[in-house]
Amino acid sequence: MSEAEHTAARSHSAERGAHADYTGGVYGSMLAASVIVGAGSLGEFPRLELVLLLLLTGVAFWIAHVHAHLFGARLAELSLDRAIVLRVCRDEWPIVKAAVPPAVALAVSPLLGLDLSGSLWLALAIAVAGQVGWSAAAARRAGASWRLVATTATVNLLLGLLIIAFKIYLTH
């Protein structure tokens, strides 16, 4: 492999790593916030049900993303081998990882003395903070200027606040 090909391969790998490591986290954090806002009436164990809903929704969306990537590869007539399938599964895993912090917040919220409403607000705040954090990390990893990092973090904060506005509107 020539030096130019080697450099191009490293660049593509770095771009793919930046995409896989963080965009799924931004998406997964927004998904988690939406699940928290959209959770209707819960049964006898609302915290446990919401923890499971967050995690299982993350897994379902992860499977959907993996399927979409693999199906797209097949349409492009690329052969799928075990290594490709495992790479796609790993690359999309941040979608599931992003649901974990709000789920943990819900699980430990009774230890903090929070009622269900307070627990939901805590989990929502953590999901939005994750969304902002993942986007800023993605921008930095991609080599963006601090100004662009601040811009993407602000846009994601505004999106998170929009989700919070939906929660306020739906519960009042």
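The table for this structure:
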quantity	calculated
Looking only at region 133-160, and only at residues there that are surrounded by 14 or more Cβ atoms within 10 Å (Cβ to Cβ) and among the polar types (S, T, N, Q), the one that is farthest from residue 37 (Cα to Cα)	151
Sole exception among (1) hydroxyl-bearing (Ser, Thr, Tyr); (2) closer than 18 Å to residue 29 by Cα; (3) surrounded by 14 or more Cβ atoms within 10 Å (Cβ to Cβ) for residue 109, by number	(2)
Entirely in region 88-172, the helices (runs of 4 or more DSSP H) that have 2 or more residues that are farther than 24 Å from residue 47 by Cα and charged (D, E, K, R)	116-141
Inter-residue pairs, beta-carbon under 6 Å, first touching a residue at least 12 places away in the same chain (Cβ under 8 Å) and in region 106-134, second not in a helix (DSSP H, G or I), 6+ apart	130/98
Residue selected from region 35-48 under the condition at pLDDT below 80 and closer than 16 Å to residue 121 by Cα, by the criterion surrounded by the most Cβ atoms within 10 Å (Cβ to Cβ)	37
Unmet criterion (only one of (1) assigned to a helix (DSSP H, G or I); (2) at pLDDT below 85; (3) polar (S, T, N, Q)) for residue 57	(2)
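The rows are residues; the columns are (1) among the hydrophobic types (A, V, I, L, M, F, W, C); (2) touching a Gly at 6+ places or on another chain (Cβ under 6 Å); (3) under 30 Å from residue 165 (Cα atoms); (4) at pLDDT 80 or above.
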{"residue": "8", "(1), (2), (3), (4)": "yes, no, no, no"}
{"residue": "16", "(1), (2), (3), (4)": "no, no, no, no"}
{"residue": "25", "(1), (2), (3), (4)": "no, no, yes, yes"}
{"residue": "33", "(1), (2), (3), (4)": "yes, no, yes, yes"}
{"residue": "50", "(1), (2), (3), (4)": "yes, no, yes, yes"}
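The values are calculated or read from the model by the stated rules, or taken from the named source; none is laboratory data. Quick caveat, the model's predicted, so the values are computed rather than measured. Here the Cβ is made from the backbone with ideal geometry for all residues, glycine too, and neighbour counts use every protein chain on show.
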